[in-house]
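Report on one structure; see the data block that follows.
The values are calculated or read from the model by the stated rules, or taken from the named source; none is laboratory data. Quick caveat, the model's predicted, so the values are computed rather than measured. Counting neighbours? That spans all protein chains shown, and the Cβs are built from the backbone with ideal geometry, glycine included. Heavy atoms of the whole protein, side chains included, go into the accessibility calculation; ligands, DNA and RNA do not. Shrake-Rupley method; radii C 1.70, N 1.55, O 1.52, S 1.80 Å.
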Amino acid sequence: HEIRTPITSILGYLTLLKQEHLNLDKRIKFTNNAIDNTKMMMTSLDNFLNLTTVDKSSGFDKIKSSITLSDFKKEIRSTFFANLEIKNIKLYFKTNAEKSLVINYDVESLMIIVNNLISNAIKYSNSNTSIYLTLNFTKSKMLLMVKDEGFGIEEDEKDNVFSRFYQT
């Protein structure tokens, strides 16, 4: 599904782009949306490859890197712009930190986690709803929370949430 959804979206945009009466603004918008979905598909493939690499290794060392909170937010919005627009879902970002805060962490892994959470939030939310991404920082910890208005997970399925490849 992580790959199928962006491909379906890209095909939809390409079909719309074939229409002769389409104005330039819509052509540009649809092209950009197809590009964004292509990037999302590539991210999903990267996530899959990272998962298989971690499975094969006996462990992995976190690669420290850094990103400003402002750039982190921009990257998230850029990744999900098309899918949020298509479903008319609003993404709200909340934090207790300044935009200039520098996150020193394994940024690639952090992006994988956030992308998976937001992707699922979009996938399982109805149109015209909202998703809330909250990042709160203390001196030594970061609390990340994604909240959506989707239909949720059945109570008896919640124990399986962290089982690899489990789907309900």
ask   = Restricting the search to segment 77-96, which residues are over 10 Å from the mean Cα position of the chain (by Cα) and not aliphatic (A, V, I, L, M)?
value = E85, K87, N88, K90, Y92, F93, K94, T95, N96
key: The one condition in (1) over 29 Å from Q167 (Cβ atoms); (2) surrounded by fewer than 17 Cβ atoms within 10 Å (Cβ to Cβ) that I103 fails to fulfil   = (2)
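Residues of segment 145-168 being assigned to a strand (DSSP E or B) and without any contact (Cβ under 8 Å) to a residue 12 or more places away in the chain, which ones?
Start the filter on segment 145-168 by keeping residues that are assigned to a strand (DSSP E or B), which leaves 145-148.
If the condition is that a residue be assigned to a strand (DSSP E or B) and without any contact (Cβ under 8 Å) to a residue 12 or more places away in the chain, then no residue fits.
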query = Looking only at residues in segment 3-39 that are assigned to a loop (DSSP other than H, G, I, E, B) and either open to solvent by less than 70 Å² (accessible area, probe 1.4 Å) or among the polar types (S, T, N, Q) (or both), which one is modelled with the lowest pLDDT?
reply = I3
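May I ask you to verify whether N96 is surrounded by fewer than 14 Cβ atoms within 10 Å (Cβ to Cβ) and farther than 27 Å from R4 by Cβ?
So N96 fits the description; yes.
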message = Residues that are at pLDDT 90 or above and touching a Ser or Thr at 6+ places or on another chain (Cβ under 9 Å): does segment 148-164 have at least one?
response = yes
Close pairs (7 angstrom Cβ cut-off, 6 or more residues apart or separate chains): within 12 Å of F81 (Cβ to Cβ) in segment 25-37, in a helix (DSSP H, G or I) and among the small types (G, A, S) anywhere = N33/A82; D36/A82; N37/S9; N37/A82
inquiry  = Being out of contact with any Phe, Trp or Tyr (no Cβ under 6 Å at 6 or more places or on another chain) and modelled with pLDDT under 90 narrows it down to one residue among I89, I112; which is it?
reply    = I112
inquiry  = I need the full set of residues from segment 94-141 which are of a type in the set (G, A, S) and under 18 Å from F80 (Cα atoms), in order please.
reply    = S109, S119, A121, S125, S127, S130
key: Among residues of segment 108-144, those that are open to solvent by 50 Å² or more (accessible area, probe 1.4 Å), part of a helix (DSSP H, G or I) and in contact (Cβ under 8 Å) with a residue 24 or more places away in the chain, counted   = 5
